[in-house]
Amino acid sequence: MLVDTYGRRATDLRVSLTDRCNLRCTYCMPEEGLQWLAKPDLLSDDETVRLIRVAVTLLGVTDVRFTGGEPLLRPGLTGIVERCAALDPRPRMSLTTNGIGLARTAAALKAAGLDRVNVSLDTLRPEVFHRLTRRDRHHDVIHGLEAARAAGLTPIKINTVLMPGVNDDEAPELLAWAIAEGYELRFIEQMPLDAQHGWKRDGMITADAIIASLSSRFTLAPEGEQRRGAAPAERWLVDGGPHRVGVIASVTRPFCAACDRTRLTADGQVRSCLFAREETDLRAALRSGAPDAEIADLWRRAMWGKKAGSGLDDPSFLQPDRPMSAIGG
Ligand SMILES: C[S@@+](CC[C@H](N)C(=O)[O-])C[C@H]1O[C@@H](n2cnc3c(N)ncnc32)[C@H](O)[C@@H]1O
């Protein structure tokens with residue numbers, strides 16, 4: 001098991017398959033100049049599957065989320081999913097993606113054993129999408145979503161980040177659209193994880209502001225007892241249900257006390273938290289011939305040292321050196 005000194009148990013593994021992306025969202029990456037990991041530093045498909053096997057068979061991980069960078073850019077993705085689906089016990093598997101390329105791959109990913117997808121989409125307006133992501137690919141995301149739905153990669157969750165003066169007026173429109181399309185929308189507060197280190201707390205749209213904006217058009221009621229952790233969104237029933245909307249208040253109401261996550265970067269480093277400043281090198285152990293039991297032990301020790309919280313509210317908070325795209329969002 002992966003437990004820490006605060007008694008939390010990590011069962012949800014986020015695996016970054018690449019640090020590269022085909023978008024350049026302003027809150028995540030600079031337009032150019034970001035250094036990519038060198039190919040030899042990336043875990044191979046075999047190494048990736050081996051570490052997931054260790055996590056699932058020796059460390060009690062039950063859920064695997066593939067992410068990046070953009071995981072659909074990883075050539076071996078379908079094979080990795082297929083091999084993980086054959087593990088015993090079989091983990092639940094999902095993918096966090098910008099959706100570009102899903103139109104081509106959704107059916108094969110479903111056949112390989114992927115359970116569902118989270119698609120990131122911040123706007124319904126193609127021109128705003130272009131400005132925000134610096135790429136004119138809005139239609140590709142919409143087609144990707146339709147393909148995922150047709151392939152049965154459901155429930156489909158949409159991740160949305162609101163930016164002041166860019167798309168913060170779109171929250172009600174996005175929710176109406178998601179309900180009509182059968183997608184579950186979740187807003188995520190913008191976090192200090194951009195490569196440019198440009199995040200400012202007072203330049204962020206808070207969960208409370210998002211709820212206020214949605215309330216101009218919908219009646220929202222908190223859904224039952226708010227459950228955090230694996231599903232950190234605070235969920236609200238819309239107009240009496242059954243549709244819901246989630247808000248992930250990672251900055252203003254962090255859910256660290258219920259965190260059940262462990263993370264593996266594309267170059268084989270364990271991170272106990274998105275905001276951790278330390279990493280544990282599993283790739284070196286793997287490449288020096290360490291047996292599974294030794295790798296599991298290193299992973300356990302990495303998680304044992306997990307801090308109580310992200311430290312965002314601490315005046316001495318320092319943004320991690322690696323951005324979200326390199327850690328795996
Ligand atoms: C880094 S991306 C990686 C996976 C994939 N490329 C995608 O677009 O979903 C994962 C998620 O992180 C979100 N994200 C990136 N930078 C963020 C930030 N600074 N604050 C909050 N969310 C962020 C993205 O919007 C996306 O939903």
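The values are calculated or read from the model by the stated rules, or taken from the named source; none is laboratory data. Remember, it's a predicted structure, so these values are computed and weren't measured experimentally. Every residue, glycine as well, gets a Cβ built from its backbone with ideal geometry; the counts of neighbours run over all protein chains shown. Accessible surface is based on the protein model in full, side chains and every heavy atom, while ligands, DNA and RNA are left aside. Shrake-Rupley method; radii C 1.70, N 1.55, O 1.52, S 1.80 Å.
Going by what's in this entry, would Glu47 be described as among the acidic types (Asp, Glu), open to solvent by 60 Å² or more (accessible area, probe 1.4 Å) and in contact (Cβ under 8 Å) with a residue 24 or more places away in the chain?
So Glu47 does not fit the description; no.
Which residues, counting only those in region 265-318, are open to solvent by less than 30 Å² (accessible area, probe 1.4 Å), polar (S, T, N, Q) and at pLDDT below 95?
Listed by number, the list holds a single entry, Ser310.
Which count do you get for residues in region 152-169 that are open to solvent by less than 40 Å² (accessible area, probe 1.4 Å) and within 21 Å of the chain's Cα centre (by Cα)?
11
Matching residues to (1) among the polar types (S, T, N, Q); (2) within 16 Å of the ligand (Cβ to nearest atom):
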| position | (1), (2) |
| --- | --- |
| Arg301 | no, no |
| Ser310 | yes, yes |
| Asp314 | no, no |
| Phe317 | no, yes |
| Ala326 | no, yes |
| Gly329 | no, yes |
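Would you tally the residues in region 60-75 being open to solvent by 10 Å² or more (accessible area, probe 1.4 Å) and either small (Gly, Ala, Ser) or in contact (Cβ under 8 Å) with a residue 24 or more places away in the chain (or both)?
Summing the residues that are open to solvent by 10 Å² or more (accessible area, probe 1.4 Å) and either small (Gly, Ala, Ser) or in contact (Cβ under 8 Å) with a residue 24 or more places away in the chain (or both) in region 60-75 gives 8.
Would a scan of region 77-94 turn up a residue that is within 11 Å of the ligand (Cβ to nearest atom) and touching a helix residue (DSSP H, G or I) at 6+ places or on another chain (Cβ under 8 Å)?
Checked against the condition, which is being within 11 Å of the ligand (Cβ to nearest atom) and touching a helix residue (DSSP H, G or I) at 6+ places or on another chain (Cβ under 8 Å), region 77-94 yields no hits at all.
Restricting to region 4-33, name every residue that is more than 10 Å from the ligand (Cβ to nearest atom), open to solvent by less than 50 Å² (accessible area, probe 1.4 Å) and modelled with pLDDT under 95. Steps first, answer last, please.
Looking only at region 4-33, we keep the residues that are more than 10 Å from the ligand (Cβ to nearest atom), and these are 4-13, 15, 24, 30-33.
Remaining after also requiring open to solvent by less than 50 Å² (accessible area, probe 1.4 Å): 4, 8, 10-13, 15, 24, 30.
Passing the criteria: only Pro30.
Tell me which of these Ala285 doesn't satisfy, since it passes every other one: (1) closer than 20 Å to Thr67 by Cβ; (2) touching a Leu at 6+ places or on another chain (Cβ under 8 Å).
All conditions pass for Ala285, except number (1).
Name the residues in region 171-183 that are farther than 21 Å from Val251 by Cα and either without any contact (Cβ under 8 Å) to a residue 24 or more places away in the chain or away from the ligand (no atom under 14 Å from the Cβ) (or both), would you?
Passing the criteria: Pro172, Glu173, Leu175, Ala176, Trp177, Ala178, Ile179, Ala180, Glu181, Gly182.
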